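Below: one structure, written as structure tokens.
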Amino acid sequence: MILTIYHQQHRIGCHINMQLLILILLEMRTIYGDVSSHYWESPYSQPYFDNSSRREVTAIVGQAALLQCRVRNLGDRAVSWIRKRDLHILTVGILTYTNDQRFQSLHTEGSDEWTLRISSPQPRDSGTYECQVSTEPKISQGFRLNVVVSRAKILGNPELFIKSGSDINLTCLAMQSPIPPSFIYWYKGKRLMNYSQRGGINVITERTTRTSKLLISKATSNDSGNYTCSPSSSDSASVVVHVINGEHPAAMQHGNNSASSQIQSLSKTLQQLSRNTVAAFFSLSALYHLLHALVQIFTTTNCYIVIVGIALSLQWPRLTRQHARRRIVAR
């Protein structure tokens with residue numbers, strides 16, 4: 001009997017102790033929970049910018065530009081995009097606060113990224129944009145946008161003269177392109193050359209260096225025409241190619257400018273001779289200038305020999321008469 005009463009009291013005591021233990025644990029959980037919550041509301045939980053984002057972005061005219069702002073521990077604060085030059089508020093959250101609908105804020109629920117998207121940017125859109133967080137005081141991070149016009153460039157003169165049977169070698173550069181072009185197409189007129197069925201045509205494109213070469217072996221007169229380089233992300237560039245029979249290669253590579261300069265030099269020499277006496281014509285200095293001009297013309301083109309002959313034939317009779325009169329006077 002006494003033993004039974006002892007066991008009952010013992011069970012009651014254990015039950016009470018368990019209840020007290022549970023109450024103590026609940027109280028401790030409440031206390032530490034409040035402390036923990038207060039701890040995470042410390043300055044460590046304040047919003048801050050993730051500096052892994054690119055702060056300077058280059059975009060091409062007409063192609064969408066993206067400015068990516070990453071904000072950690074945002075909480076219930078709002079993110080705004082502001083144009084620095086006029087302090088114009090463009091977006092708040094995902095709402096647009098400008099009449100220019102090219103500006104749009106992109107955000108995925110639960111992510112830290114707030115992206116300002118500018119559709120069809122123009123050079124006037126270049127400048128600084130601020131990603132601002134509505135803390136007290138406000139914090140912001142600046143992003144620099146450069147909008148450029150990407151143009152292709154074909155190396156060499158805009159007009160080339162190629163000897164028939166020689167190779168055509170054209171090199172195109174995609175200038176100022178922020179990213180390598182996905183393709184660079186070559187056209188002759190409106191005909192695509194990259195996949196031409198004509199033999200002897202080879203296109204070599206290096207996306208990393210933004211260059212492309214068009215090689216046409218054993219060119220004929222049918223290869224004459226307008227050639228255009230058209231990268232995917234740049235304005236196109238063109239060059240006119242003339243394939244000529246029987247011309248000297250040097251004249252064709254340098255174009256007409258070199259030959260014209262040589263003719264002008266020869267013309268000046270002849271004018272100088274016409275103003276001087278016959279004796280000056282035979283002086284070593286005059287002969288040197290004349291021979292030098294003739295050599296230069298021979299090394300550039302053969303077609304101007306006719307001009308030299310005409311010029312000399314027009315000057316020679318008058319010079320001969322002057323020389324004869326001098327001999328008569330001398331006697």
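The values are calculated or read from the model by the stated rules, or taken from the named source; none is laboratory data. Keep in mind the model is a prediction, meaning the values are calculated, not measured. Cβ coordinates were reconstructed from backbone atoms using ideal geometry, including for glycine residues, and neighbour counts include every protein chain displayed. Remember, those area values only see protein heavy atoms, side chains included, never the ligands or the DNA or RNA. Shrake-Rupley method; radii C 1.70, N 1.55, O 1.52, S 1.80 Å.
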Q.
I'd like the GluC sites (Glu not before Pro) in region 42-130 restricted to DSSP loop residues with at most 13 other Cβ atoms within 10 Å, sorted by number.
A. GLU109
**Q.** Charge dipole (debye, nearest 20) of region 48-148; +1 at Cβ of Lys and Arg, -1 at Cβ of Asp and Glu
**A.** 300
**Q.** Distance in nm between pseudo-label sites at ILE244 and GLN176 (7 Å out along the Cβ direction from Cα)
**A.** 3.5
Q: With a Förster radius of 41 Å, plug the Cβ-Cβ distance of THR208 and THR135 into 1/(1 + (r/R0)^6) and report the FRET value to the nearest 0.05.
A: 0.45
(Q) Multiplying the sequence separation of ARG191 and ARG151 by 0.36 nm and subtracting their Cα-Cα distance, what value in nm do you get? (A) 12.3 nm
Q) Among LEU215, TYR185, SER196, which residue has its Cα positioned farthest towards the positive end of the charge dipole of region 153-244, with +1 placed on the Cβ of Lys and Arg, -1 on the Cβ of Asp and Glu, and the dipole taken about the Cα centre? A) SER196
Q: Name the long-range amide H neighbours of CYS69: under 5 Å, sequence gap of 5 or more, or other chain; modelled H, no Pro or chain starts.
A: TRP114, THR115, LEU116
Q: Starting from the amide H of TYR97, placed 1.01 Å from N in the peptide plane, find each other amide H under 5 Å away whose residue is 5 or more places distant or on another chain.
A: THR91, VAL92
Q) So, with a 1.4 angstrom probe, what is the percent of accessible area on region 48-148 that is carbon and sulfur? A) 46
Q.
I need the phi-derived Karplus couplings for region 66-82: 6.51 cos²θ - 1.76 cosθ + 1.60, θ = phi - 60°, integer Hz, Gly and Pro marked x.
A. 10, 10, 9, 10, 10, 10, 8, 6, 5, x, 9, 7, 10, 10, 10, 10, 10
Q) For the pair GLN46 and VAL61, how long in nm is the line joining their label points, each one 7 Å along Cα→Cβ? A) 4.4
Q.
Accessible area per residue for region 153-244 in Å², computed with a 1.4 Å probe and the full protein assembly in place, what is it?
A. 53
Q: Quick one: work out the % antiparallel among DSSP beta bridges in region 153-244, nearest 5.
A: 85
Q) So which lysines pass the test for LYS153, namely a Cα distance under 29 Å, with those fewer than 8 places away in the same chain ruled out? A) LYS163, LYS188, LYS190, LYS213, LYS218
**Q.** Inter-probe distance in nm under a simple model that places probes 7 Å from Cα toward Cβ, at ARG54 and THR98
**A.** 2.0
**Q.** Set of lysines near LYS84 by C-alpha distance (under 30 Å), chain-local residues within fewer than 8 positions excluded
**A.** LYS138
